[in-house]
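Read through the structure below, which is laid out as structure tokens, and then see the notes.
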Amino acid sequence: MSLQAKGVVVCISIAALIFFILIGALSLSKPTQKLGEKAASSSTNLTSSSTNLAGITNHLAGLSSAIGNALFGETRRRQKIAQSIENQHAIGKAYAAYLADNDGWYPVVQGSAGVGGKTGNSRSPSGPLPVVVSNLYGASVPEKERPLNAYIGSIKSFHDPADTGGGAYNVHSSWDSFGNSYQPQVADDTFRVKRVLGEKSAKEGSYEGTSMRESEISKSKNKIIQGDWNWPYDREDSWHSKDGEARHIMLYADGHAREFVFPPTEQMLKWIAPPPHKEMPKPDPNYIWW
């Protein structure tokens, strides 16, 4: 059963429950009159019962609305997650095709966004991004120079339906600003993740300028390739967050994509770099992710 169908079934069930509660309330609110009681007493009881019933009805209507809104929001969130997983699964297939054509080497790119998608507009809410930032992220890389575009059915697969931007420059949309909603691991090891793609602007032959080879991946099921742009941060920076958790859709080397909950941002920031700068352990294939 689809998410939409499940949502409809739940809403109908809630509506039915509220209907039967109202019927019960109507029955209980009917005024009772003993033999010989005056009509005025009956009228008073009726007015009181009607007032009580109106209060019950308003309360149930508010409860129904709140539950309905919550269910709709969660259904919509799950739909976006499903589309994001589908997008990244398609990108995973593009990576696999690229590897097959390039002797198992991952691409060397100009900025994280430059692996695929469209040419970004290089803008933030306050105006054009600094040129150095646009180049760092690969926002201005033309579509034809983004290596995975030749291996994917539609570049719209690089647009996440939950993309609300954010990040250091608080862009409204990573897709619009950078041309890509997803960020692969480029040049450096960070957050306990070993770099995957080499960076074109780095020194030739350096670690940062050399991409990973498929044969280097000893465990593919937990090897992170990329995730939605703001991974691994939580709260407002997480497009798929729930209850403040750092939920992100991640793509792995074996081609599968799934929702993953990272530790809190406070911890992840300690793992942004190895000692002496920060406290990141060396990426380990035997850890939860690497």
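Coordinate-derived values only; no laboratory data. Being a predicted model, the structure only gives us computed values, none of them experimental. Here the Cβ positions follow ideal geometry from the backbone for every residue, glycine too, while neighbour counts run over all protein chains shown.
Near the amide H of E199, within less than 5 Å, lie the amide hydrogens of V109, A187, G209, T210, all on another chain or at least 5 residues away, with H placed in the peptide plane.
Once backbone amide H atoms are built at 1.01 Å from N, A246 has R235, F262 as its partners under 5 Å, excluding neighbours fewer than 5 places away on the same chain. Around the Cα centre of segment 91-270, unit charges on the Cβ atoms of Lys, Arg, Asp and Glu (plus for the first two, minus for the last two) sum to a dipole of about 180 debye.
Structure note, pairs K242/K282; K80/K242; K242/K278: Cα-Cα distances above 21 angstrom occur for K242/K282; K242/K278. How charged is the neighbourhood of D234? Take every other residue with its Cβ under 15 Å from the Cβ of D234, and add Lys/Arg as +1 and Asp/Glu as -1. In short, -3. For segment 180-248, a Kirkwood hydrodynamic radius built from all Cα pairs, placed in the Stokes-Einstein relation at 37 °C and 0.692 mPa s, yields a translational diffusion coefficient of 248 µm²/s. Here segment 136-283 is treated as a Stokes sphere of Kirkwood radius computed over C-alpha pairs; at 37 °C and 0.692 mPa s its diffusion coefficient rounds to 203 µm²/s.
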